[in-house]
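Enquirer: There's a structure below that I have some questions on.
The values are calculated or read from the model by the stated rules, or taken from the named source; none is laboratory data. Bear in mind the structure is a predicted one, so any value in this text is a computation, not a measurement. Cβ coordinates were reconstructed from backbone atoms using ideal geometry, including for glycine residues, and neighbour counts include every protein chain displayed.
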Amino acid sequence: GKDPKWWKEAIVYQIYPRSFKDSNGDGVGDLKGIISKLNYIKSLGIDAVWLNPIYASPNDDNGYDISNYREIMSDFGTMSDFDLLLAEMHKRGIKLIMDLVVNHSSDEHEWFKQSRSSRDNKYRDYYHWWPAEKGKPSYRWSWFDINSNAWKYDATTDSYYLHYFSEKQPDLNWENPRLRNEVHDIMRFWLDKGIDGFRMDAFQFISKDNSYPELPIEIVNKPVEIIKFYGNGPHLHEYIQEMNSEVLSKYNLMTVAEGAGSTPIEAMKFVDPERKELDIAYHFESVEIGKHLHDFGLVKYKNMFSNYDTVFKDKGWLAIFLANHDQPRMVSKFGNDSPEFREISSKMLSTFILTMRGTPFYYQGDELGMMNPRFETIEEYHDVETRNKYTNIKNKGGDLNAFLEEQKQIARENGRTPFQWDANKNAGFTTGDSWLKVNQNFKTINAEAQEKDPKSVLNYFRKLVQTRKDNPAFVYGTYTLLDKENPNVYAYMRELNGKKLLVLLNFTNDTATYNLKFKLEKHEVILNNYNDSTPVKNNQLRPYESVIIKFE
Ligand code: TEU
């Protein structure tokens with residue numbers, strides 16, 4: 001971990017372009033919109049942006065279904081908008097990380113059109129096909145609805161194709177070296193433009209056993225651990241090493257493995273420098289905790305982070321995040337979004353992300369304390385996942401109300417409502433009709449209002465960013481969990497060259513007590529989310545209080 005690298009020191013800010021800023025009134029965010037907000041992004045103090053896919057796409061899965069890897073989605077703008085965006089970011093010292101979505105393409109990609117046209121087309125083996133005369137292929141689930149089949153029958157060639165995600169996202173066949181070369185070329189195309197890295201989408205799924213063996217019956221009946229079964233295919237690491245020697249090693253870039261197995265040891269395999277694969281492991285265990293952290297339990301949660309840290313303490317590198325575009329809002333899932341506690345718990349969670357060991361991946365809007373919109377009807381949702389699941393339950397005569405109630409807490413679109421810029425129509429996101437309903441609380445929760453308030457969630461986030469920058473111990477220091485069994489407080493020490501920083505986080509809406517062997521009163525509080533410098537007393541923290549204390 002001690003080998004210095006820009007991507008270890010960086011704070012990455014995730015932009016979901018569809019919902020960030022619309023410049024032309026069509027209701028969809030776009031690249032010019034991002035350009036118009038670069039000074040805002042710069043003002044946060046962040047160093048790099050991860051941009052969700054902006055390539056040509058029919059948008060079955062909001063850009064994760066790509067029909068041309070070298071073109072910009074028309075909703076988002078043009079290639080010259082992109083070139084300008086990159087130049088303007090670099091001018092401000094902000095790096096750009098792009099999404100690389102090559103586990104699958106769109107069914108509207110030229111490769112797939114060719115592939116499905118005949119069994120002897122030269123693109124046939126770019127995808128996974130099963131000829132119908134061999135009978136039905138063995139069952140696989142499709143991600144967006146665990147009850148549906150990932151094999152889709154295609155009459156033109158009397159065969160089935162595999163799609164782990166939606167049926168408009170056929171899986172690419174990585175066993176084919178020609179396909180792998182195509183991917184390498186796409187990567188070079190963007191790297192030659194000067195981008196600074198890739199977030200590798202759904203990468204743990206690229207390698208498959210092309211004999212498609214039967215799944216064990218207990219897995220078919222209870223598909224609880226998809227990653228374990230679908231991930232880590234037989235040639236996964238081979239393909240990544242090949243990509244490293246062909247492409248990655250020739251550029252100065254950062255790569256982040258989205259999905260990295262389901263244990264710290266598996267995650268390490270992607271980013272152990274000796275293996276020459278990728279740089280940062282972005283595993284899902286910090287978000288796959290059910291509906292709310294309360295149900296999961298803080299002690300278990302702390303142990304999970306600590307177990308990863310133990311494996312990663314001398315080598316490899318992790319991402320730290322609590323939200324992204326596939327997740328509900330951070331404050332609604334890990335904190336408390338009631339009017340009383342939304343701001344204070346948002347600040348506490350941000351403190352966690354920015355003081356842990358690993359590169360923070362911070363999601364747009366969390367710096368305002370944006371929360372779940374809690375849509376009432378299916379019409380308000382657009383997400384292929386929510387819609388597919390709804391249709392399936394409807395067809396089976398299941399409980400649709402219970403489903404909609406649950407989606408208010410867990411739907412992916414909770415995190416995708418438009419960025420709340422100001423109190424104008426549609427929160428200043430668009431002058432037209434927004435593609436997705438704006439959260440109705442935008443009149444009070446918006447960036448403009450928070451700019452003016454020194455105690456806002458936004459201005460606290462800026463202070464936190466500065467605090468991380470001022471204290472290299474937060475990047476390169478060791479992490480030690482304290483008060484391990486405490487069910488309410490997360491306490492840890494970060495330490496580098498004798499400099500110690502203690503972080504105390506109360507995850508509850510009540511006063512909480514911590515138990516440490518040393519006295520804190522005489523030490524300096526460098527940041528506190530209650531905006532006062534009250535020394536810590538009586539081993540107590542106020543509701544959702546977070547404190548950073550310097551020990552010298
Ligand atoms: O997600 C891939 C993926 O594995 C996630 O569904 C993940 O398992 C989940 O977030 C864990 O909680 C990526 C994109 O982030 C998602 O938006 C796409 O729909 C998907 O790939 C298909 O491209």
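Enquirer: Any residue at all in region 459-472 that is over 29 Å from MET370 (Cα atoms) and of a type in the set (S, T, N, Q)?
Expert: no
Enquirer: Residues of region 195-247 being over 20 Å from the mean Cα position of the chain (by Cα), among the aliphatic types (A, V, I, L, M) and surrounded by 12 or more Cβ atoms within 10 Å (Cβ to Cβ), which ones?
Expert: Those that are over 20 Å from the mean Cα position of the chain (by Cα), among the aliphatic types (A, V, I, L, M) and surrounded by 12 or more Cβ atoms within 10 Å (Cβ to Cβ): LEU215, ILE219, VAL220, LEU236, ILE240, MET243, VAL247.
Enquirer: Which of the residues belonging to region 350-365 are within 26 Å of LEU436 (Cα to Cα) and either aliphatic (A, V, I, L, M) or free of Cβ contacts under 8 Å to residues at least 60 places away in the same chain (or both)?
Expert: GLY365, the sole residue that qualifies.
Enquirer: Search region 3-43 for residues being crowded, with 18+ Cβ neighbours inside 10 Å and hydroxyl-bearing (Ser, Thr, Tyr), and hand back the single one that is farthest from THR359 (Cα to Cα).
Expert: Restricting to residues being crowded, with 18+ Cβ neighbours inside 10 Å and hydroxyl-bearing (Ser, Thr, Tyr), the top hit is SER23.
Enquirer: Going through region 143-160 one residue at a time, which ones are in contact (Cβ under 8 Å) with a residue 40 or more places away in the chain, buried (at least 17 other Cβ atoms within 10 Å of the Cβ), part of a strand (DSSP E or B) and more than 16 Å from the ligand (Cβ to nearest atom)?
Expert: SER159 - this is the single residue of region 143-160 that is in contact (Cβ under 8 Å) with a residue 40 or more places away in the chain, buried (at least 17 other Cβ atoms within 10 Å of the Cβ), part of a strand (DSSP E or B) and more than 16 Å from the ligand (Cβ to nearest atom).
Each row is one residue, and each column tells you yes or no for (1) of a type in the set (Gly, Ala, Ser); (2) farther than 25 Å from ILE15 by Cα; (3) modelled with pLDDT of 95 or more; (4) not assigned by TED's automatic domain parsing to the domain that holds TRP143.
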| site | (1), (2), (3), (4) |
| --- | --- |
| PRO373 | no, no, yes, yes |
| THR377 | no, yes, yes, yes |
| TYR381 | no, no, yes, yes |
| ASN392 | no, yes, no, yes |
| ASP399 | no, yes, yes, yes |
| GLN407 | no, no, yes, yes |
| ARG412 | no, no, yes, yes |
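Enquirer: Could you please tell me which pairs satisfy a Cβ distance under 6 Å, a separation of 6+ or placement on different chains, a first residue in region 56-81 that is in contact (Cβ under 8 Å) with a residue 40 or more places away in the chain and aromatic (Phe, Trp, Tyr), and a second residue that is more than 15 Å from the ligand (Cβ to nearest atom) and in a helix (DSSP H, G or I)?
Expert: TYR69/ILE186; PHE76/LEU31
Enquirer: Might you let me know whether region 344-361 holds any residue that is within 16 Å of the ligand (Cβ to nearest atom) and among the aliphatic types (A, V, I, L, M)?
Expert: The answer is no, given that none of the residues of region 344-361 is within 16 Å of the ligand (Cβ to nearest atom) and among the aliphatic types (A, V, I, L, M).
Enquirer: Which condition does ASP60 not pass, out of (1) over 30 Å from ALA150 (Cα atoms); (2) among the acidic types (Asp, Glu); (3) out of contact with any strand residue (DSSP E or B) (no Cβ under 7 Å at 6 or more places or on another chain), if it passes all the others?
Expert: Only one criterion in (1) over 30 Å from ALA150 (Cα atoms); (2) among the acidic types (Asp, Glu); (3) out of contact with any strand residue (DSSP E or B) (no Cβ under 7 Å at 6 or more places or on another chain) is unmet by ASP60, namely (1).
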